[in-house]
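Enquirer: Take a look at this one; I'll ask things after.
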Number of protein chains: 4
Amino acid sequence: MQKVMLASDYEEGAHPNIIRRMEETNMVSMPGYGTDEICSSAKERIRKACGCPEAEVEFLIGGTQTNTTVIDAFLASYQGVIAADSGHVNVHEAGAIEFGGHKVLPIKGSYGKITSDQVEQYLKDFYADGNWEHMVMPGMVYISQPTEFGTLYSKEELTAISRVCHAYKIPLFVDGARLAYALASPANDVTLQDLAQLCDVFYIGGTKCGALFGEAVVIPDPHRIPHFFTIIKQHGALLAKGWLLGIQFDELFKDNLYLHIGENAIRLAGRIKEALKEGGYPLFMDSPTNQIFFVIDNKKMAELGEHAAYAYMEKKDDDHTVIRFATSWATTEEAVERVCRILKN
Amino acid sequence: MQKVMLASDYEEGAHPNIIRRMEETNMVSMPGYGTDEICSSAKERIRKACGCPEAEVEFLIGGTQTNTTVIDAFLASYQGVIAADSGHVNVHEAGAIEFGGHKVLPIKGSYGKITSDQVEQYLKDFYADGNWEHMVMPGMVYISQPTEFGTLYSKEELTAISRVCHAYKIPLFVDGARLAYALASPANDVTLQDLAQLCDVFYIGGTKCGALFGEAVVIPDPHRIPHFFTIIKQHGALLAKGWLLGIQFDELFKDNLYLHIGENAIRLAGRIKEALKEGGYPLFMDSPTNQIFFVIDNKKMAELGEHAAYAYMEKKDDDHTVIRFATSWATTEEAVERVCRILKN
Amino acid sequence: MQKVMLASDYEEGAHPNIIRRMEETNMVSMPGYGTDEICSSAKERIRKACGCPEAEVEFLIGGTQTNTTVIDAFLASYQGVIAADSGHVNVHEAGAIEFGGHKVLPIKGSYGKITSDQVEQYLKDFYADGNWEHMVMPGMVYISQPTEFGTLYSKEELTAISRVCHAYKIPLFVDGARLAYALASPANDVTLQDLAQLCDVFYIGGTKCGALFGEAVVIPDPHRIPHFFTIIKQHGALLAKGWLLGIQFDELFKDNLYLHIGENAIRLAGRIKEALKEGGYPLFMDSPTNQIFFVIDNKKMAELGEHAAYAYMEKKDDDHTVIRFATSWATTEEAVERVCRILKN
Amino acid sequence: MQKVMLASDYEEGAHPNIIRRMEETNMVSMPGYGTDEICSSAKERIRKACGCPEAEVEFLIGGTQTNTTVIDAFLASYQGVIAADSGHVNVHEAGAIEFGGHKVLPIKGSYGKITSDQVEQYLKDFYADGNWEHMVMPGMVYISQPTEFGTLYSKEELTAISRVCHAYKIPLFVDGARLAYALASPANDVTLQDLAQLCDVFYIGGTKCGALFGEAVVIPDPHRIPHFFTIIKQHGALLAKGWLLGIQFDELFKDNLYLHIGENAIRLAGRIKEALKEGGYPLFMDSPTNQIFFVIDNKKMAELGEHAAYAYMEKKDDDHTVIRFATSWATTEEAVERVCRILKN
């Protein structure tokens, strides 16, 4: 019997609509590099969903690639990007941001989140330092919605960060690799339209949210980055058969699918949290989205490991460990029931 | 009626076997980043086909990305890469190589090819120059098989270049973005095994040769690049759902499919060449693979353009233009017949 | 009356011997780029003083330039450099390290110093993380002697860090921009020979220690970096009239001048510390070298500011500030007396 | 007897006025990083000499460093710089431009010069190419005055290039590493004021023109590059004791010294050319400045080499070689007479 795969949310294929569309269009010739009609349709749907009819929308392939391409496009050569210390760009991109010549300027986050006050203080301190011209000028704020810990920024929090950014004339970038799980969470009050209004650039995650791969970058002001296409190419991030990205986002934004595709994950994450509660497992922290971080006895962890894949986070003490489950749009009830039985056992 | 799409060889989907396998495996959970069993199987098939059982094989997504990742992995920080002036890395990668900090050192090619003598002369002259320590040290030779012009290196030519490289202790890298069309050409005498013996690294193109996307990098000596995985990640070139690449190369290397998948293109390119001959169109140059470069009267070109997509190459004179057709594994007889009728008309 | 300049230790010209030698040799023609005999002599003196007769010695112009050139030379393209969070490379080089593509991996320092235990823990944790291949691999340890806070590593501490580095096969780099002030401190027990034995690369600061400019990089194993000359050129760090650097280090290493040139600064820093004690100013921290960090009442600071230049460090509270004095090889007794009178007043 | 040093024009010290001023100010404390009054004075003199009272003037240390810093400051991250194939940035900077992420886009020069027609054609062809968004966008034109071959652009030629640049909205950058030898040549009709009017940025060479080191970058529009200081620091190009650069340019621009300092070199180059003519040595090409390229019999070259240092250029045929002499502001009559005697012998 195969293990229940809950180690991450990129361990399944794509929504069946996507696969069907790929099959249907497989032998149709199309022009390359995203100049096809399916891409145009997908971009138009995204503009509509975000309420920004003029926006530049570009499709890239994966998260690290998107982060580094966007950051390189928006920063001047001598600027760095402010991020939570736990931010993906600071920890898990093998130095892709530095490869592009930019420093990540870390702020101590709280379960993945940073506050507008912290950002403001950072910027104030920076320009108060007599040596600031010898230092890396902050040129952007990067946050994730949801964060690495599955936590969410409220509309109020996001608005406050946006205000600070614009007061200091630096862009705000929201990494939405798992955005569908934010949009599907009852705890969320930030819509796609809010993102388009508050950010200078954000991306809508496909890879973890129902696509085989793909991230849709949205730049509400279409004149902001004059040659973004060339920058994408320069980063090796341009897909020859661009319509494959078009197909995926066209399907994800048909009939509001993207707004709901994360609901399954949220519901099943809730089930697991109930089971953890019943089983007396302390949560490491509470997340309103599809990631569940909890503390487990090492012996129990070994037993669990025979039946389910999880992600190791950190050692809690000699006998306990913090681990993570991530549900997804494709996680099944059966799989979750099986895991819950083991947890409660 | 849709135009016949012969502008390039990446304008079709994937071989039906690939689509079928994607469909079958779509709802099977798999571990990410190429650690799955399908990738292992695909790598094993490639190692066997290349006769290098120890080789490191890694799957990347597209050509520019692969070129820049491989070049950055093999070069020291102060080295450059020798290439034909028409080479993809020198012309059509939006500066991706320079983005990685390396200079392309161009040699004047003849229809895309450079000779071992030219390479040797370049290296000899370089070290004879009293100022060489102030210059960019050549650290690799990059060639394509087939080249941008569809021409082929013979085994003898490749062996000679390989000898020069190894005499100067620099690696030889073969870009095989269109490799299937070399392997399927009657004019070709370079096998996959030859590449594995003569090169330090090469890649087997998927995007243009039957896959949706994907290039398989082969490094015959598996100890050559210690942390290639991290380098791939740093370049934003690591696909989360790595098994999608595994599926494609596993299918392409089942039953020698890759060795034959280009034959259709070669055969149909032959038909077009016959039609061109009959119609009295001068060939710009003769290519033994799937690309056909020829001279056309501008009036005729306008007529052709209503029925077929082609690639513009250069102005020949005020009344004539050089254009290119590229057939592919998926080009149909009907499409080619339609084009031939127009040409001969 | 001119202000007493104690804001930093690069605010004076050069030792008179250097100026005299420059004058004497001014109209003598010499070959460029450090290929002259004065450079040879200077390098030989440094090798002797460091007890490493085979070492590669190269002269660069300034500190940031030297740090970035050395770090780029020693790191693989995907590696980062471990440093104290307060380290010059992390804070005051305007992103020069990231410009070269490398991440600075900060460790929380204590008054500028990091411990061998911290480094070991960092490395242990790194390789224990299941995701380390997605992260920036630590490829070097960078420390300063003295540190940004004027503190010193003892021989025991340095030996322990060196052992950890070598256990993990990564180089240890010591930034000696102010090395003369370490060597002249009674609290110091680390000699030039110790540095040559314990480090893989270090530099002997000229700019702040008696030269007009210049830093001497010492690489005890001369085969370690094959084309360091080219790397220097690539970084724009090669001085055409290289003999100017040769002259300075030849003079600084004649008759052990470099070993004693910092003594004046240490002695006068002691005087200032006494005056601070008498005046009841709390030290921010105690430094055994030429930098004095102390807390001062804002009103007094304003008065002091009319007579002396100091460096602002940070706000202590609404009424107090932390400031720094730096004495140098050229600071005069008179200047220090003048400042002491104001402080005690 | 020491050889006559005519291999290059950076083999002598500095103009005596500079050395005297260094001596006089050696023990005067000054604030760092070019914030001193001598720098202010020097910048003011340069602004006056160039007729651009608002210009930003910054002092850097050497040519390669200046080229890479200026190019990185002016180019967008995806742009390249057009230059003659023989240009210093293309050949002799060890890849410093590529290290900054930019491609050099070479145009075939004629003895170091490129024409406005060539530049215009390049730009026209670029944007006519259907694939230009996949290519490196030209973002600057770089030329040298005088060129690597000592040739000069006339005011008419420079104006024409400037017009093309501005029509295409890209900046024109003039490398003036040897500018004093242009200004002193009777063949020259381009003044400092012309440069300030026609270029977006240029630099006035110190290293080869009477200074120990130093290049003065002039940006006529002071708002053009918002944080040039930080960019200089990031490139490791900021001299701590900035007043050393101030002293040199203050002296060079006192009483129009810079306008005349090259005259000695031009006069003595004339003498050598006469001797070559008398001796029957064919000139490789005629240069109106301080460099003399000529063909010499290999046997004679060996004899010459015992008495004089020259620069090797290229092999002419089995028996002849092209070599170069470069006179300088400091070359003596005696030295030239000695060389002439040998040549005519």
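Enquirer: Looking at D:A167, D:A211, D:A180, D:A184, which is the one that is buried (at least 18 other Cβ atoms within 10 Å of the Cβ), of a type outside the set (F, W, Y) and more than 27 Å from D:L283 (Cα to Cα)?
Expert: Step by step, each of D:A167, D:A211, D:A180, D:A184 is checked, and only D:A211 is buried (at least 18 other Cβ atoms within 10 Å of the Cβ), of a type outside the set (F, W, Y) and more than 27 Å from D:L283 (Cα to Cα).
Enquirer: Mind checking whether some residue in the stretch D:29-48 is touching a Ser or Thr at 6+ places or on another chain (Cβ under 8 Å) and within 22 Å of C:I231 (Cα to Cα)?
Expert: no
Enquirer: When the stretch C:108-125 is examined, which residues are found to be crowded, with 19+ Cβ neighbours inside 10 Å and not in a helix (DSSP H, G or I)?
Expert: Answer for the stretch C:108-125, where residues must be crowded, with 19+ Cβ neighbours inside 10 Å and not in a helix (DSSP H, G or I): C:G109, C:G112, C:K113, C:I114.
Enquirer: Moving to a separate point now. Scanning the stretch C:60-102 for residues that are more than 12 Å from chain D (Cβ to nearest Cβ) and part of a strand (DSSP E or B), which turns out surrounded by the fewest Cβ atoms within 10 Å (Cβ to Cβ)?
Expert: C:Q79
Enquirer: Filter the stretch B:22-59 down to residues that are in a helix (DSSP H, G or I) and charged (D, E, K, R) and give me whichever is farthest from the other protein chains (Cβ to nearest Cβ).
Expert: B:K48
Enquirer: Something else: Check D:L238, D:L244, D:L283, D:L198 and return the single one that is of a type outside the set (V, I, T) and not assigned by TED's automatic domain parsing to the domain that holds D:F59.
Expert: After ruling out the rest, the residue left standing is D:L283.
Enquirer: Being of a type outside the set (K, R), outside the structural domain of B:S40 (by TED's automatic domain parsing) and not in a strand (DSSP E or B): is that true of B:I225 here?
Expert: no
Enquirer: May I pose another question? Could you grab me the full set of residues in the stretch D:228-260 that are part of a helix (DSSP H, G or I), touching a His at 6+ places or on another chain (Cβ under 7 Å) and within 13 Å of chain C (Cβ to nearest Cβ)?
Expert: D:K233
Enquirer: Mind listing whichever residues of the stretch D:127-138 are under 28 Å from the mean Cα position of the chain (by Cα) and not in a loop (DSSP other than H, G, I, E, B)?
Expert: Of everything in the stretch D:127-138, those that are under 28 Å from the mean Cα position of the chain (by Cα) and not in a loop (DSSP other than H, G, I, E, B) turn out to be D:M137, D:P138.
Enquirer: Only one of (1) surrounded by 16 or more Cβ atoms within 10 Å (Cβ to Cβ); (2) in the same structural domain as A:K48 (by TED's automatic domain parsing); (3) among the basic types (K, R) is not met by A:K316, so which one is it?
Expert: Result: A:K316 passes all but (2).
Enquirer: Does at least one position in the stretch A:62-74 carry a residue that is more than 30 Å from D:H227 (Cα to Cα) and either touching a helix residue (DSSP H, G or I) at 6+ places or on another chain (Cβ under 9 Å) or in the same structural domain as A:V218 (by TED's automatic domain parsing) (or both)?
Expert: So far as the stretch A:62-74 goes, yes, one or more of its residues are more than 30 Å from D:H227 (Cα to Cα) and either touching a helix residue (DSSP H, G or I) at 6+ places or on another chain (Cβ under 9 Å) or in the same structural domain as A:V218 (by TED's automatic domain parsing) (or both).
Enquirer: Another question, then. Right, B:R338: surrounded by 15 or more Cβ atoms within 10 Å (Cβ to Cβ) and either within 27 Å of the chain's Cα centre (by Cα) or without any contact (Cβ under 8 Å) to a residue 12 or more places away in the chain (or both) or not?
Expert: Against the criterion (surrounded by 15 or more Cβ atoms within 10 Å (Cβ to Cβ) and either within 27 Å of the chain's Cα centre (by Cα) or without any contact (Cβ under 8 Å) to a residue 12 or more places away in the chain (or both)), B:R338 does not qualify.
Enquirer: Let me ask something else about it. Which pairs turn up if I take residues in the stretch D:1-16 that are in contact (Cβ under 8 Å) with a residue 60 or more places away in the chain and look for partners that are of a type in the set (K, R) and buried (at least 23 other Cβ atoms within 10 Å of the Cβ) with beta carbon separation below 7 Å, at least 6 apart in sequence or on another chain?
Expert: D:D9/D:R178; D:D9/D:K208; D:Y10/C:K241; D:Y10/D:K208
Enquirer: What number of residues within the stretch A:195-218 are within 14 Å of chain B (Cβ to nearest Cβ), assigned to a strand (DSSP E or B) and not small (G, A, S)?
Expert: 3
Enquirer: For A:T191, are the conditions met, namely being away from chain B (no Cβ under 14 Å) and either of a type outside the set (G, A, S) or buried (at least 24 other Cβ atoms within 10 Å of the Cβ) (or both)?
Expert: So A:T191 passes the test.
Enquirer: Still on this structure: Could you list, in sequence order, the residues of the stretch C:10-49 that are surrounded by fewer than 22 Cβ atoms within 10 Å (Cβ to Cβ) and under 13 Å from D:I19 (Cβ atoms)?
Expert: Selection gives C:I19, C:R20, C:R21, C:E23, C:E24, C:T25, C:N26, C:M27, C:V28.
Enquirer: State whether one or more residues within the stretch B:150-168 are at pLDDT 95 or above, more than 14 Å from chain D (Cβ to nearest Cβ) and touching a His at 6+ places or on another chain (Cβ under 7 Å).
Expert: no
Enquirer: Condition first: surrounded by fewer than 21 Cβ atoms within 10 Å (Cβ to Cβ) and closer than 19 Å to B:V201 by Cα. Now tell me which residues in the stretch B:229-258 satisfy that.
Expert: B:F229
Enquirer: Oh, and also: Identify, from the list D:K315, D:K344, the residue that is over 24 Å from D:A14 (Cα atoms) and without any contact (Cβ under 8 Å) to a residue 12 or more places away in the chain.
Expert: D:K315
Enquirer: Okay, moving on. So D:K277 ticks every box in (1) part of a loop (DSSP other than H, G, I, E, B); (2) surrounded by fewer than 24 Cβ atoms within 10 Å (Cβ to Cβ) but one. Which box is left unticked?
Expert: (1) is the only condition that D:K277 fails.
Enquirer: Which residues, counting only those in the stretch C:193-210, are of a type in the set (A, V, I, L, M) and under 18 Å from D:G236 (Cα atoms)?
Expert: Of everything in the stretch C:193-210, just one residue is of a type in the set (A, V, I, L, M) and under 18 Å from D:G236 (Cα atoms), namely C:I204.
Enquirer: Hey, can you tell me all the residues within the stretch D:139-168 that are within 29 Å of D:S185 (Cβ to Cβ), in a helix (DSSP H, G or I) and of a type outside the set (K, R)?
Expert: Within the stretch D:139-168, D:E156, D:E157, D:L158, D:T159, D:A160, D:I161, D:S162, D:V164, D:C165, D:H166 meet the criteria.
Enquirer: Still on this structure, I have one more. Please find, within the stretch C:1-21, the residue that is nearest to the other protein chains (Cβ to nearest Cβ) out of those that are farther than 13 Å from D:K241 by Cβ and among the polar types (S, T, N, Q).
Expert: C:Q2
The values are calculated or read from the model by the stated rules, or taken from the named source; none is laboratory data. Just so it is clear, the structure is predicted and the values come from calculations on it, not from any experiment. Note: ideal-geometry Cβ built from the backbone for every residue, glycine included; neighbour counts use all protein chains shown.
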